[in-house]
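Working notes for the structure below.
The values are calculated or read from the model by the stated rules, or taken from the named source; none is laboratory data. All of these numbers come straight from a predicted model, not from anything done at the bench. Note that each Cβ is placed from the backbone with ideal geometry, even for glycine, and that neighbours are counted across all protein chains shown.
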Amino acid sequence: MSKVQATKRQLHDIRGVLWEKGWWMVKKEQRERFNLYIKAHAKFGRTKQVLVAIEELAELQKELLKNINREKCNRDMVAEEIADVQIMLEQLSLMYGIEEVEMAGRIEKKMERLRLIVECEHETYS
Ligand SMILES: [Mg+2]
């Protein structure tokens, strides 16, 4: 399969996920973001977008390290990188066909685990 065919297939998959989700039920601003993500995916391709996501995660790590390790007052940069990461996480969810319902279930399980750890004096992360 050529790169163009692969990209067309991936776009078809993304649109399929959105269609199953009920495109007409998605809020207007979210629809506009998804349209932009689809255009970015078509223009740069899946691999590039995944690499951008990894890059944005690294940029957030860097700002957090500066803040903690070097005691920099970089609140605005941390906020900037959180925004970048949130945008890329949304794109990753779309690219991998991970729907909000699935994410909500996973987050709920992890929050329950965190609740147990926080509320039990002897539990720690491991
Ligand atoms: Mg960034």
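Is it the case that Glu112 is out of contact with any Ser or Thr (no Cβ under 9 Å at 6 or more places or on another chain), modelled with pLDDT of 95 or more and closer than 25 Å to Asn35 by Cβ?
It is false that Glu112 is out of contact with any Ser or Thr (no Cβ under 9 Å at 6 or more places or on another chain), modelled with pLDDT of 95 or more and closer than 25 Å to Asn35 by Cβ.
Mind listing whichever residues of segment 52-104 are without any contact (Cβ under 8 Å) to a residue 24 or more places away in the chain and of a type in the set (Gly, Ala, Ser)?
Those that are without any contact (Cβ under 8 Å) to a residue 24 or more places away in the chain and of a type in the set (Gly, Ala, Ser): Ala58, Ala79, Ala83, Ser93, Ala104.
Considering each of Glu90, Glu81 in turn, give the residue that is among the acidic types (Asp, Glu), within 14 Å of the ligand (Cβ to nearest atom), in the same structural domain as Gln10 (by TED's automatic domain parsing) and assigned to a helix (DSSP H, G or I).
Just a single option satisfies the conditions, and that option is Glu81.
Name the residue, out of Leu89, Leu60, that is at pLDDT 90 or above and either touching a strand residue (DSSP E or B) at 6+ places or on another chain (Cβ under 7 Å) or buried (at least 16 other Cβ atoms within 10 Å of the Cβ) (or both).
Leu60
What tally of residues in segment 31-57 results from selecting those that are within 16 Å of the ligand (Cβ to nearest atom) and among the polar types (S, T, N, Q)?
Result for segment 31-57: 1.
Could you list all residues from segment 67-78 that are within 13 Å of the ligand (Cβ to nearest atom) and either within 19 Å of the chain's Cα centre (by Cα) or in a helix (DSSP H, G or I) (or both)?
Across segment 67-78, the qualifying residues are Asp76, Met77, Val78.
Let me confirm something: among Leu64, Leu60, which residue is over 29 Å from Lys43 (Cα atoms), within 16 Å of the ligand (Cβ to nearest atom), assigned to a helix (DSSP H, G or I) and touching a helix residue (DSSP H, G or I) at 6+ places or on another chain (Cβ under 7 Å)?
Leu64
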